[in-house]
Amino acid sequence: MSRTSMREPASASDTGPQSAPLLPRTAGEYIRCIGPGLVLAMAFLGTGDLVSSTVSGANYGYALMWTLVVALFARYCMISAIAKYKLENRFGDTSVLQGFQRVWRGFPMFFGVAIFFYGIIIQMSFLRACAVALYQLSGELGGATWGYFVGGAVVVVATIVMLARRNAYQWLEWTARIASVVIIATFVGAIVATGHIDLVAMAKGLTFSIPADNGPFDAIFIAIATIGTIGGSALNLLYPYFMDERGWNGPRYRRLQQFDLMAGMLPLLIINVLFWVVAAETIRGTGMTVSNENDLATMMQMAVGPMGPALLWISLFLAAFSSFPANARGFANLMFNGLHLATRRGKAFAKPAEDPWYNRVLIAAFIVVPLFICMPQAPNLVYLSVFGTSVITAILLPPILFGVLRMTSSRQFMLDEHVNRWWQTLILVVLSLIGLWSLYAIVDNLIQALGQLG
């Protein structure tokens, strides 16, 4: 449902003097409203997620598939809590960073600065994935030296054109829908081509089983580290800004928001499960290792034959391209929201996009600068991502977890009838404790990596 298709006057408690989208009543209207959750879900999806699911399927078969379900449940709970503050706080705040500011006034500036660096690193990884996919699909156009740069430049131009349109957000929604459908169809076809799924093993893999070959501690530790990092990811903070694009403000949109988020997370779960299953059925037991996108292409060739690599590159491109423009817009909104709340100058702007510097920084920092990673002799993206995201995640993880728990569990911040129930608070407490364990793992691995370089 578009923002202008059905509208009614909003109550003052919802959005003030502006009009707001009419709430859906039928199943069809609910389905047409799906958008922000899917845009966010596809914004998560990148080479790293797909390689991770493939490695898990190749190394453990179906034994650790429950970790994927639990990790996405953790992400759903944390994002839902973030959205809950936006819709049901007692101050009329429409931004989650306004809530963080009430916890500590330094948080908006903290997030604004951190997101600037975090966003550039994340965008580099997505642009590189787009460039690699286009390089392969174009028959290695541009050669080994400039091929990735040519593909990256095409994506940069396409992204700028897309985001310059007045209906840019609708383009983001349609890109996410097309990408999810094509990727799911491709890997369902790959599973059909393999001709076999071990349903018994899959069922056991969803019952918290631990593979004996690698030791229970290693498997559990990896699972918990993954769950905690996902729950406290900075990308979770982008969802309220995608909700703004639909005009969802006020408690009456909570039910629609929960449906939208669940509907958006479902394709993400399906895609990861499909990668996992294909790896378990084709690679498990062959001795083949998976460490990058080229290994994914080999896996698809094993599954469906000569067309496999092309299908993989198409899927990889759609996964990365559905993320790149959406994250650029989301990071810019989050960054400027933080800077506006923290500075006297920013109080003149009701929304991030009203700032004359908004489009300049959006294009320069989150679209053009990431093209550097596609240049010849660019630094190793793996090292850049590992060190960059590890450091920033270690910095952002505690305040995100603590802030969301503090805001949604207290009548000081939430409307009385919308404060977390005891079990909702318990879930967030557990996620926060797991997140702190993840923080320890991140810092420990970072120290060991720095020691090896020294």
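Okay, here's what the table says:
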| read-out | value |
| --- | --- |
| Built amide H within the under 5 Å cut-off of residue 414, gap 5+ | 90 |
| Aspartates and glutamates whose Cα lies under 17 Å from that of residue 204, excluding same-chain neighbours fewer than 8 positions away | 213, 281 |
| The chain: relative contact order as a whole-number percent, Cα under 8 Å and 6+ apart | 34 |
| FRET E, pair residue 199, residue 269, Förster distance 22 Å, beta-carbon r, rounded to 0.05 | 0.80 |
| Sites residue 359 and residue 436 - FRET efficiency at Förster radius 51 Å, r taken between beta-carbons, to 0.05 | 0.85 |
| Sites residue 429 and residue 255, calculated FRET efficiency, Cβ-Cβ separation with R0 41 Å, nearest 0.05 | 0.95 |
| Expected 222 nm ellipticity per residue - DSSP helices of 4 or more, -39500 (n - 2.57), all of the chain, to 500 | -23500 deg cm²/dmol |
| Mean Cβ count within 10 Å, highest first, over the residues of peptides 81-92, 174-185, 351-362 | 81-92, 174-185, 351-362 |
| Expected-Rg normalisation [2.2 N^0.38 Å, Cα atoms] applied to the chain | 0.96 |
| Cβ-based charge dipole, the chain, positive-most Cα from 440, 65, 336 | 336 |
| Peptides 202-208, 308-314 ordered by average Cβ neighbours within 10 Å, highest first | 308-314, 202-208 |
| All lysines inside 21 Å of residue 351 as judged from Cα atoms, apart from same-chain residues fewer than 8 positions distant | 84, 86 |
| Listed residue (273, 256, 427) projecting farthest to the positive dipole end of the chain, Cβ model | 256 |
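Quick note: the coordinates plus some simple rules give every number you see, no bench work behind them. Just so we're clear, the structure is a prediction, and the values are computed from it rather than from any experiment. As a convention, Cβ positions derive from the backbone with ideal geometry for all residues, glycine included, and neighbour counts pool all protein chains shown.
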